[in-house]
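**Student:** Take this structure, written in structure tokens, and hold onto it; I'll ask about it next.
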């Protein structure tokens, strides 16, 4: 048992001890009773304990908090239970406090039923009880989601419930009938308060230490909310399930993708496992599962090149299908187009993506980007790489000449580098596109040159077919050539960003040819997805850019006469 001590009683790591599938709270109640008896026998402990909880709100919630779940009634369990924090919930609270300390905005992307609203309310109530002059705001699109009498669905009733169920030693003079009117909760002893607001003008004219925007991706007029909250707080926290890409929540989520973003995946909930997930798939519409549980931004968007459920089937596919991964080890490099964009290097062996790194493109130092790609190839054992030759990537060819010349002089092997242009004409223009040949054999199918706008469209479609084959094999047992699927290492540190990016591009065929839009609704460029697509896209035989090659090319060129 992991036990530490503070003030009147020990801290017990209940999260590690509880059976989350069948929780029993007898020991929790017994421990809380012992703590309370000791505290009441020695009231001098209270000031020190209150001071401790002021700076450790996670421990207060875990030590004394209660929560309410009416779904327990149908399985004959108590509906009022101790608020035992999971490790991810503790991490979330510390993340919010870090954003507050940094005076920085934050965004929490969550699967449904993760208890985030209860968590935000418990944190707000704890800060109000112990910190002086704190103002925490809550805003949502409708008033009934913020505060309403006679129901626990809104936000503020949850906070009132939390405060009412902590021992009176910590509530002090607080009385619900007096200090918790509609849309407001006051804390007389600390001078702090919590406010609730709804509509397009939440926060306007007010000031808050922290402001939580509930279901921010579902706001009907988000730009009005952006304006009204612009001067309200320096720490705005958006909480939301996903709702497509055409909203500021989605755009900020992928534009930031740093410490300002916190992810609550369903796998972070110890009550849920693969069996639970399979049951959701059986009971719910696939779009609901994808959007509300898998946090798939493209779930309800038409024309997605790589549907989210297809992509998720690729994670660990080689291991699940017991396929031995063989083939050449080589990499791809997506060169940043602009200062805010990122370079991305991806390494794969055969069908399996094994490494992926991205770094800022600020300053657009192409030589440094090419050198880093070479270094990553050396470090991870890749023998060549393909790079995006459109735009700024065109400079890689010249830089690789210099890099390979220095490597040759140092006695190291040269690094083959192949330029790849998405804007170029299709590869094998007379070839027949997979899936377009008629069943009766009469229709010979459509040629690549007639089906795709350019090589980029052809590359994304080739990846689509590879991912589709993987999904069919994983989910339906429809086998194919193992060299024609895609497997993604589940241990990649940025796995979920890659998965989301892969489902971002959309396609349109209204012009008669497939055209790809990588950045629908103003989304940032999917650099990781671009690198993966390019790694598996049809291409010309790779060209080794070396000093020796350049000498041979020069020798074949006619001499210029003056």
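The values are calculated or read from the model by the stated rules, or taken from the named source; none is laboratory data. Bear in mind the structure is a predicted one, so any value in this text is a computation, not a measurement. Here the Cβ is made from the backbone with ideal geometry for all residues, glycine too, and neighbour counts use every protein chain on show.
**Student:** Answer yes or no: is there a residue in the stretch 131-141 that is within 15 Å of residue 117 (Cβ to Cβ), in contact (Cβ under 8 Å) with a residue 24 or more places away in the chain, part of a loop (DSSP other than H, G, I, E, B) and within 32 Å of the chain's Cα centre (by Cα).
**Tutor:** Within the stretch 131-141 (the criterion being within 15 Å of residue 117 (Cβ to Cβ), in contact (Cβ under 8 Å) with a residue 24 or more places away in the chain, part of a loop (DSSP other than H, G, I, E, B) and within 32 Å of the chain's Cα centre (by Cα)), the answer is yes, since at least one residue qualifies.
**Student:** Of the residues that sit in the stretch 223-244 and are under 24 Å from residue 341 (Cα atoms) and either buried (at least 23 other Cβ atoms within 10 Å of the Cβ) or outside the structural domain of residue 211 (by TED's automatic domain parsing) (or both), which one is nearest to the chain's Cα centre (by Cα)?
**Tutor:** Residue satisfying both the conditions and the ranking: 242.
**Student:** If you don't mind, there's one more thing I want to ask. Which of the residues belonging to the stretch 31-52 are touching a residue at least 60 places away in the same chain (Cβ under 8 Å) and buried (at least 19 other Cβ atoms within 10 Å of the Cβ)?
**Tutor:** Hit for the stretch 31-52 is 39, nothing else.
**Student:** Which of the residues that make up the stretch 100-131 are over 27 Å from residue 294 (Cβ atoms) and in contact with a strand residue (DSSP E or B) (Cβ under 7 Å, 6 or more places away or on another chain)?
**Tutor:** So in the stretch 100-131, the residues over 27 Å from residue 294 (Cβ atoms) come out as 100-104, 124-131.
Those that are over 27 Å from residue 294 (Cβ atoms) and in contact with a strand residue (DSSP E or B) (Cβ under 7 Å, 6 or more places away or on another chain): 100, 124, 127, 128, 129, 131.
**Student:** Here's something else I'd like to know. Considering every residue within the stretch 60-68, establish whether at least one is part of a helix (DSSP H, G or I), within 28 Å of the chain's Cα centre (by Cα), in the same structural domain as residue 18 (by TED's automatic domain parsing) and closer than 24 Å to residue 12 by Cβ.
**Tutor:** Yes, the stretch 60-68 contains at least one residue that is part of a helix (DSSP H, G or I), within 28 Å of the chain's Cα centre (by Cα), in the same structural domain as residue 18 (by TED's automatic domain parsing) and closer than 24 Å to residue 12 by Cβ.
**Student:** Report, by residue number, each residue of the stretch 111-137 that is under 14 Å from residue 213 (Cα atoms) and crowded, with 24+ Cβ neighbours inside 10 Å.
**Tutor:** Of everything in the stretch 111-137, those that are under 14 Å from residue 213 (Cα atoms) and crowded, with 24+ Cβ neighbours inside 10 Å turn out to be 119, 120, 121, 124, 136, 137.
**Student:** Within the stretch 284-297, can one find any residue that is in the same structural domain as residue 97 (by TED's automatic domain parsing) and at pLDDT 90 or above?
**Tutor:** Looking through the stretch 284-297, none of the residues is in the same structural domain as residue 97 (by TED's automatic domain parsing) and at pLDDT 90 or above.
**Student:** Could you figure out which of (1) assigned by TED's automatic domain parsing to the domain that holds residue 380; (2) in contact with a helix residue (DSSP H, G or I) (Cβ under 9 Å, 6 or more places away or on another chain) isn't true of residue 319?
**Tutor:** In the conditions (1) assigned by TED's automatic domain parsing to the domain that holds residue 380; (2) in contact with a helix residue (DSSP H, G or I) (Cβ under 9 Å, 6 or more places away or on another chain), residue 319 misses (2) alone.
**Student:** Filter the stretch 256-294 down to the residues that are in contact (Cβ under 8 Å) with a residue 24 or more places away in the chain, assigned to a loop (DSSP other than H, G, I, E, B) and out of contact with any strand residue (DSSP E or B) (no Cβ under 6 Å at 6 or more places or on another chain) and list them by number.
**Tutor:** Quick first cut of the stretch 256-294, residues in contact (Cβ under 8 Å) with a residue 24 or more places away in the chain only: 256-257, 259-266, 268-271, 291-294.
Then keep just the ones that are assigned to a loop (DSSP other than H, G, I, E, B); that gives 257, 259-260, 265, 269-271, 294.
Within the stretch 256-294, 257, 259, 265, 269, 270, 271, 294 qualify.
**Student:** Mind telling me which of the residues 531, 462, 537 ends up being touching a helix residue (DSSP H, G or I) at 6+ places or on another chain (Cβ under 8 Å), within 30 Å of residue 407 (Cα to Cα) and at pLDDT 80 or above?
**Tutor:** After ruling out the rest, the residue left standing is 537.
**Student:** Is it the case that the stretch 454-475 has a residue that's more than 15 Å from residue 423 (Cα to Cα), assigned to a helix (DSSP H, G or I) and touching a strand residue (DSSP E or B) at 6+ places or on another chain (Cβ under 8 Å)?
**Tutor:** Checking the stretch 454-475: at least one residue is more than 15 Å from residue 423 (Cα to Cα), assigned to a helix (DSSP H, G or I) and touching a strand residue (DSSP E or B) at 6+ places or on another chain (Cβ under 8 Å).
**Student:** Please work out if residue 159 is closer than 17 Å to residue 188 by Cα, crowded, with 23+ Cβ neighbours inside 10 Å and either touching a strand residue (DSSP E or B) at 6+ places or on another chain (Cβ under 7 Å) or free of Cβ contacts under 8 Å to residues at least 24 places away in the same chain (or both).
**Tutor:** On the way: closer than 17 Å to residue 188 by Cα: yes; crowded, with 23+ Cβ neighbours inside 10 Å: yes; either touching a strand residue (DSSP E or B) at 6+ places or on another chain (Cβ under 7 Å) or free of Cβ contacts under 8 Å to residues at least 24 places away in the same chain (or both): yes.
Against the criterion (closer than 17 Å to residue 188 by Cα, crowded, with 23+ Cβ neighbours inside 10 Å and either touching a strand residue (DSSP E or B) at 6+ places or on another chain (Cβ under 7 Å) or free of Cβ contacts under 8 Å to residues at least 24 places away in the same chain (or both)), residue 159 qualifies.
**Student:** Return only the number of the condition from (1) crowded, with 21+ Cβ neighbours inside 10 Å; (2) in a helix (DSSP H, G or I); (3) not assigned by TED's automatic domain parsing to the domain that holds residue 470 that residue 310 does not satisfy.
**Tutor:** (3) is the only condition that residue 310 fails.
**Student:** Kindly establish whether residue 422 is under 28 Å from residue 381 (Cα atoms) and buried (at least 19 other Cβ atoms within 10 Å of the Cβ).
**Tutor:** yes
**Student:** Taking the condition assigned by TED's automatic domain parsing to the domain that holds residue 229 and within 27 Å of residue 157 (Cβ to Cβ), does residue 39 pass?
**Tutor:** no
**Student:** Something else: Run down 379, 358 and say which single residue is in the same structural domain as residue 490 (by TED's automatic domain parsing) and outside any helix (DSSP H, G or I).
**Tutor:** Working: 379 fails: outside any helix (DSSP H, G or I).
Matching residue, one of 379, 358: 358.
**Student:** Within the stretch 53-90, track down each residue that is over 19 Å from residue 271 (Cα atoms), surrounded by fewer than 17 Cβ atoms within 10 Å (Cβ to Cβ) and in contact (Cβ under 8 Å) with a residue 12 or more places away in the chain.
**Tutor:** Within the stretch 53-90, 54 is the sole residue that qualifies.
**Student:** Could you list all residues from the stretch 476-496 that are under 25 Å from the mean Cα position of the chain (by Cα) and not in a helix (DSSP H, G or I)? I'd like the intermediate steps shown before the answer.
**Tutor:** To start, the set of residues in the stretch 476-496 that are under 25 Å from the mean Cα position of the chain (by Cα) comprises 485-496.
Answer for the stretch 476-496, where residues must be under 25 Å from the mean Cα position of the chain (by Cα) and not in a helix (DSSP H, G or I): 485, 486, 487, 488, 489, 490, 491, 492, 493, 494.
**Student:** Working carefully through the options 94, 27, find the one that is assigned to a helix (DSSP H, G or I), at pLDDT below 95 and either surrounded by 14 or more Cβ atoms within 10 Å (Cβ to Cβ) or assigned by TED's automatic domain parsing to the domain that holds residue 210 (or both). It would help to see each step written out before you state the result.
**Tutor:** Working: 94 fails: at pLDDT below 95.
Of the residues listed, the single one that is assigned to a helix (DSSP H, G or I), at pLDDT below 95 and either surrounded by 14 or more Cβ atoms within 10 Å (Cβ to Cβ) or assigned by TED's automatic domain parsing to the domain that holds residue 210 (or both) is 27.
**Student:** Continuing with this model, one more query. Suppose the filter is within 16 Å of residue 539 (Cα to Cα) and touching a residue at least 24 places away in the same chain (Cβ under 8 Å); does residue 422 pass it?
**Tutor:** Yes; evaluated as a whole, the condition is true for this residue.
**Student:** Then there's this: Mind checking which residues of the stretch 162-175 are modelled with pLDDT of 95 or more and buried (at least 19 other Cβ atoms within 10 Å of the Cβ)?
**Tutor:** Result: 162, 163, 166, 170.
**Student:** Now for a different question. Can you name the residue in the stretch 142-155 that is in a loop (DSSP other than H, G, I, E, B) and out of contact with any strand residue (DSSP E or B) (no Cβ under 7 Å at 6 or more places or on another chain) and is also modelled with the highest pLDDT among such residues?
**Tutor:** 154
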